[in-house]
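The values are calculated or read from the model by the stated rules, or taken from the named source; none is laboratory data. Quick caveat: nothing in here was measured; it's all calculated off a predicted structure. Please note: Cβ atoms are built from the backbone with ideal geometry, for glycine as well, and neighbour counts cover all protein chains shown.
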Amino acid sequence: MTLFEILPSLRHFAPRIDRAIWPLTAHVDELGRLCVGEVPLTEVADEFGTPTYVIDEADFRHRIRRYRAVLPDVRLVYGAKSLLTTVVAQWVAEEGGRLGVCSGGELATALVAGVDPSQIVMHGSATTAGELCKAASVGVGRIVVDSPLEVAFLDSGVRRPQAVQVRVGVTNQQFGTAAQFGQAAGAVERILAHPLLYLVGLHCHIGSQVTDPSLYGDAIRQLIPLMAEIRARHGVILTELNIGGGHGVPYVPGDAELDLDALRDFVDDALDAACAAEHFPRPAIVVEPGRAISARAGVTLYRVLRVQSQPGGRTSVVVDGGLGDNPRVALHHARYSVALANRHPLTPTQPMTVVGRHGDSGDEIARDVPLPADLGAGDLLAVACTGAYHHSIASTYNVVGRPPLVAVKDGSTRELVRRETIADILSRDRAFDARPPMQRERVQSGCEALLRGP
């Protein structure tokens, strides 16, 4: 006999898992435990501690497959800045996606993962000369230049033929040169004059959390005429148009998301109209989703330290993470959905604000979210939609190590990135690093023993 059969009223208090927000495999078992990838999250917390990032491998792969099914004629480049490890890079490659990187570190991660360099796109909003030349030296498939200066960097360092795209700003976006040809002409002319660089297309980035698919159609209508003008001036037909990423996803119930079917239709209609108007051959379209693939696959686990009432009647839930592992609330006023993960609630919910351990006024994880009134110290909370820009931008604020990243699938766990230790952080302190090895080991062991307590 289950607890639900003994106390049917508990069904009214079970965590509601919104399928638009939580991982595809998320469900609540008969014991009230939230499970992802057929693994109770309580088991993940017991084995790896808290805070811990959890990534649903099946959900991540599903998102890539969905893009490839709905947009079969579009080239998919995963925006690795949202979430990247060597294993994540391998998932992308195994699902037939390309990888978009924006730094030397991301490029190195992709290469260590065994990704074919020809399947890598390198670009960033301010890429250094060293990063661009390294990308060219390993033979990445595409390099996107953001300014004439970046072309100059490549000019001095490229040693083999290299395909290049020019990023062009549209709709007043901050990235790329202006859409008018006069602004982009310098970069285009310099690339075309170089014997080892060949211009294959244009690139744009229209923003983040875009939920209106018509904006991508507008970008295409702006850029096809520019491609036609390049043909008229230089006799070169560009064959690729990268319309970037920024595809919006929901974080709380009711949030909008980018509809892929609608995106496909707007892209097709805009291409047909713009290419017909300019008598220009239809280019290959490239998209670069990052958040749209990784965000909903991710969940972050926190242990409740205490529940307290504050002036004004607000109830705060203090947890063992916060600003260091999720700065997006402070940086972007992001909102999140939270659920009790370790048991059935025994009371109705009430609005509570989940706050972090760091003591800053902006150290909040979720404001006024519904949580059971019987929530207490030791309970486990799960925060949904944390697979993008959490592991990527976590810090060691207050000298607190960054959380591990654990993949779940078919009832098994796999630690992709281990928890950062105090020893890891101290290893970068040059005064500490200068001590004799035995002394360093004694200090580290002593610190760890003190933190473990009696």
Considering only the range 235-258, how many residues are farther than 25 Å from Val121 by Cα and of a type outside the set (Ser, Thr, Tyr)? 8
List the pairs whose first member sits in the range 343-360 and is free of Cβ contacts under 8 Å to residues at least 24 places away in the same chain, whose second member is assigned to a loop (DSSP other than H, G, I, E, B), and whose Cβ atoms are under 6 Å apart, counting only residues at least 6 apart or on separate chains? none
Quickly run through the range 303-349 and pick out the residues that are buried (at least 16 other Cβ atoms within 10 Å of the Cβ), of a type in the set (Val, Ile, Thr) and either within 11 Å of Ile365 (Cβ to Cβ) or in contact with an Asp or Glu (Cβ under 8 Å, 6 or more places away or on another chain) (or both). Val304, Val317, Val318, Val319, Val329, Val338
Condition first: over 27 Å from Ser208 (Cβ atoms) and hydrophobic (A, V, I, L, M, F, W, C). Now tell me which residues in the range 267-318 satisfy that. Cys275, Ala276, Ala277, Phe280, Val304, Leu305, Val307, Val317, Val318
Out of the range 209-259, which residues are under 30 Å from Leu192 (Cα atoms) and in a loop (DSSP other than H, G, I, E, B)? Gly235, Val236, Ile237, Leu238, Thr239, Ile243, Gly244, Gly245, Gly246
Quickly run through the range 401-434 and pick out the residues that are hydrophobic (A, V, I, L, M, F, W, C) and over 21 Å from Gly298 (Cα atoms). Ile422, Ala423, Ile425, Leu426, Ala431, Phe432, Ala434
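Can you find even one residue in the range 291-300 that is at positive phi and modelled with pLDDT of 95 or more? Break it down into steps so the answer makes sense when it comes.
Residues of the range 291-300 at positive phi: none.
Within the range 291-300, none of the residues are at positive phi and modelled with pLDDT of 95 or more.
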Leu199 meets each of (1) in a helix (DSSP H, G or I); (2) more than 28 Å from the chain's Cα centre (by Cα); (3) at pLDDT 95 or above with one exception, condition (1)
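For the range 352-454, please list each of the strands (runs of 3 or more DSSP E) lying entirely inside it that holds at least 3 residues being of a type in the set (A, V, I, L, M) and modelled with pLDDT of 95 or more.
Numbers: elements: 364-372, 380-384, 405-409, 412-417.
Qualifying strands (runs of 3 or more DSSP E): 364-372, 380-384, 405-409.
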Which helices (runs of 4 or more DSSP H) sit wholly inside the range 41-145 and have at least 1 residues that are aromatic (Phe, Trp, Tyr), modelled with pLDDT of 95 or more and outside the structural domain of Asp269 (by TED's automatic domain parsing)? 41-48, 57-70, 86-94
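Within the range 305-330, can you find the residues that are outside any strand (DSSP E or B) and without any contact (Cβ under 8 Å) to a residue 12 or more places away in the chain? Don't jump to the end; show me each part of the working.
Kept after step one, since they are outside any strand (DSSP E or B), are these residues of the range 305-330: 310-314, 320-330.
Result: Gln310, Pro311, Gly312, Gly313.
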Of all the residues that make up the range 1-30, how many are modelled with pLDDT of 95 or more, in a loop (DSSP other than H, G, I, E, B) and either within 15 Å of Leu381 (Cα to Cα) or not acidic (Asp, Glu) (or both)? 6
Specify the residue that is farthest from Asp265 (Cα to Cα); the eligible residues are those in the range 211-232 that are surrounded by 18 or more Cβ atoms within 10 Å (Cβ to Cβ) and of a type in the set (Val, Ile, Thr). Ile230
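Yes or no: Leu271 among the hydrophobic types (A, V, I, L, M, F, W, C) and part of a helix (DSSP H, G or I)? Write out each step before concluding.
Details: among the hydrophobic types (A, V, I, L, M, F, W, C): yes; part of a helix (DSSP H, G or I): yes.
Against the criterion (among the hydrophobic types (A, V, I, L, M, F, W, C) and part of a helix (DSSP H, G or I)), Leu271 qualifies.
Pick from the range 274-302 the residues that are in a loop (DSSP other than H, G, I, E, B) and out of contact with any strand residue (DSSP E or B) (no Cβ under 9 Å at 6 or more places or on another chain): which of them is surrounded by the most Cβ atoms within 10 Å (Cβ to Cβ)?
Narrowing the range 274-302 to residues in a loop (DSSP other than H, G, I, E, B): 279-283, 288-290.
Restricting the remaining residues to those that are out of contact with any strand residue (DSSP E or B) (no Cβ under 9 Å at 6 or more places or on another chain) gives 279-282.
Working: His279: 8, Phe280: 17, Pro281: 11, Arg282: 15.
Ranking the qualifying residues of the range 274-302, first place goes to Phe280.
Is it true that Asp261 is touching a helix residue (DSSP H, G or I) at 6+ places or on another chain (Cβ under 9 Å), closer than 22 Å to Gly79 by Cα and surrounded by fewer than 17 Cβ atoms within 10 Å (Cβ to Cβ)?
Values: touching a helix residue (DSSP H, G or I) at 6+ places or on another chain (Cβ under 9 Å): yes; closer than 22 Å to Gly79 by Cα: yes; surrounded by fewer than 17 Cβ atoms within 10 Å (Cβ to Cβ): yes.
Against the criterion (touching a helix residue (DSSP H, G or I) at 6+ places or on another chain (Cβ under 9 Å), closer than 22 Å to Gly79 by Cα and surrounded by fewer than 17 Cβ atoms within 10 Å (Cβ to Cβ)), Asp261 qualifies.
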